[in-house]
1. Those residues that are in a loop (DSSP other than H, G, I, E, B) and under 24 Å from residue 141 (Cβ atoms), I need them from the stretch 187-200; list them, please.
2. For the stretch 225-238, state whether one or more residues are surrounded by fewer than 23 Cβ atoms within 10 Å (Cβ to Cβ), aromatic (Phe, Trp, Tyr) and touching a Lys or Arg at 6+ places or on another chain (Cβ under 9 Å).
3. Filter the stretch 361-391 down to the residues that are modelled with pLDDT of 95 or more and among the aliphatic types (A, V, I, L, M), then identify the one that is surrounded by the fewest Cβ atoms within 10 Å (Cβ to Cβ).
4. Within the stretch 476-496, take every residue that is among the aliphatic types (A, V, I, L, M) and either surrounded by fewer than 23 Cβ atoms within 10 Å (Cβ to Cβ) or touching a helix residue (DSSP H, G or I) at 6+ places or on another chain (Cβ under 6 Å) (or both) and give me the one that is nearest to residue 179 (Cα to Cα).
5. If you check residue 184 against the conditions, is it in a loop (DSSP other than H, G, I, E, B), exposed (fewer than 15 other Cβ atoms within 10 Å of the Cβ) and not hydroxyl-bearing (Ser, Thr, Tyr)?
6. Tally time: how many residues in the stretch 353-380 are under 26 Å from residue 449 (Cα atoms) and in a loop (DSSP other than H, G, I, E, B)?
7. Checking residue 470 against (1) touching a Lys or Arg at 6+ places or on another chain (Cβ under 7 Å); (2) more than 30 Å from residue 230 (Cβ to Cβ); (3) at pLDDT 95 or above; (4) open to solvent by 10 Å² or more (accessible area, probe 1.4 Å), which single condition isn't satisfied?
8. Within the bounds of the stretch 305-320, is there any residue that is open to solvent by less than 40 Å² (accessible area, probe 1.4 Å), more than 25 Å from residue 491 (Cα to Cα) and without any contact (Cβ under 8 Å) to a residue 60 or more places away in the chain?
Amino acid sequence: MRRSLIFIALLAPGAAPANVSYDPVRLELLDSSGVRFVIEPSRTDHRHQPETMISGIALFDYNNDGWLDIYLVNGATMPGLEKADPRFHNRLFKNRGDLSFQDVTEAAGVQGRGYTHGVIAGDYDNDGQSDLFVAGLRENILYRNLGNGTFEDRTLKAGLGPGDPEYGTLWSVAAAFIDYDKDGWLDLFVSNYCVWDPKTEPICGPAGAPDYCHPQHYRGLPNSLYHNNHDGTFTNVSRPSGIRQHIGKGMGIGPADFDGDGWVDLFVANDTEPAFLFQNQKNGTFKEIGFEAGVAYTYSGAAVSGMGVDAKDIDNDSRPDVFEAALTNETMPLFRNLGNNLFEEVTASSGIAAVIRAKTGWSNGIADLNNDGWKDLFVACGDVMHPEGSFRERAPMGNALFVNLKNGKFADASSSAGDRFAAAKAVHRGAAFGDLDNDGRIDVVVTALNGPTEVWHNQSPSSNHWLSIRTTGRKSSRDGMGAKIKVTTASGSQYGHVNTAVGYGCSSDPRVHFGLGKDQRASRVEITWPSGIVQTLENLKADQILTVTEPEK
């Protein structure tokens, strides 16, 4: 089944032609999933800046039963930052395997503390259990998975306690587990936002009706990098690595090997500041090259209000590209990787600029939602401002979906993805991506401030095939973070890499998903592990979740 669209609106130069055909995407809202969760930001009349910025979702398999579970972060009292009231608790929902979920938060011991914003999943101690790092206001939490359905707070013992010699405390909003030095152990990169003190925070907006302040009223912060010591502890290497010397207002993180040298690099979206691209120098240090690479600003020379970011290959040329979410009227920059540390902004020529300009995006992702072999774009949308303030009805927004037309252009499929999808307006924040029911179609979980969590079940009608790959490292980290995968079928080759950091403060399925279109087999799968080992598998049938273990040599 294919859908034809006729675009009546005036399109930007280079946009999709008037008559286009693509395999449709159908997303159905699960009302009976059991995921009963509302982000409670504790909004106040003062409009404290952290109230509008909670996002975090982690899709991960906490009990190794083969099904993705859901972890959601939450706020606290403002400005006291107390979390004792259960309505502020973070929540863990266990996947029962039938598209229903059970709240196991208390049994697992992951209610959290303080005001939390983002979360990342990864096996930092190489014990085969996926752990959690929760990013928050003034303090973060490292939860070690004990493998018995419970977690232990290891923050202080791991050397990740609060406190900064220069800034006192840091406001962290997102994180990524990466193996930046290729020693087989996951290190931790944390994006920090700005200096916040409720005692001196300004009041902004119309007289008598304050609203959230522009980020220019806050002083930026450096990001943090922690090296894994192989013994359950981390060392702060932000300064010697060169990360700390760059001050921004860090939001989303996109880890990928952008220059193809085998070492993970980092794109960091900054709010109203130029984006960072940290190039791995392969000696424990990073060089910031955002301006030279062409990703610090848009083609108009503007620094956008960068929120979420995802880094994946949108045109099947083997190079990871960058999609960055931003505010209304800024567009959301789409950067095509040209190689040699050069990027070209293709937001207008791809056809998304004219549509996305009217949206404010938070978490976003690049994923093949119709399994046609080409990755699509998704954005969780909602305005920054208070829905009861001067913006009122402008704050809630519907999410955005763009289908890849395989020719460098995208079609707006938001209105055709389902009646409820098109109508679901809310103050959306988080978005994470993964196959919740193991049917080979990528589902999406979206959060909203003061609104119910949306579990979007992918029921796209196409009979396209797929392949999902779960990596298990030996010399590389246990979950194979950073491994690069090339899948070749009769229709050509496509590329992916193992990474859980996505969008704004969210963590997606660690399995690398490939839509195969009409191809029923993959003639060749090539995995380049961070250790340098190259593994080749041949003649694999489609429509399976394949677990691949790194060979010893």
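The values are calculated or read from the model by the stated rules, or taken from the named source; none is laboratory data. None of the values given here were measured: they were computed from a predicted structure. Note: ideal-geometry Cβ built from the backbone for every residue, glycine included; neighbour counts use all protein chains shown. For the accessible areas, the whole protein counts, side chains as well, though only heavy atoms, and no ligand, DNA or RNA atoms are used. Shrake-Rupley method; radii C 1.70, N 1.55, O 1.52, S 1.80 Å.
1. Result: 193, 195, 196, 197, 198.
2. Checking the stretch 225-238: not a single residue is surrounded by fewer than 23 Cβ atoms within 10 Å (Cβ to Cβ), aromatic (Phe, Trp, Tyr) and touching a Lys or Arg at 6+ places or on another chain (Cβ under 9 Å).
3. Top of the filtered list is 367.
4. 485
5. Considered against the rule, which asks whether it is in a loop (DSSP other than H, G, I, E, B), exposed (fewer than 15 other Cβ atoms within 10 Å of the Cβ) and not hydroxyl-bearing (Ser, Thr, Tyr), residue 184 comes out as no.
6. Of the residues in that region, 5 qualify.
7. Among (1) touching a Lys or Arg at 6+ places or on another chain (Cβ under 7 Å); (2) more than 30 Å from residue 230 (Cβ to Cβ); (3) at pLDDT 95 or above; (4) open to solvent by 10 Å² or more (accessible area, probe 1.4 Å), residue 470 violates only (2).
8. Yes, that holds for at least one residue.
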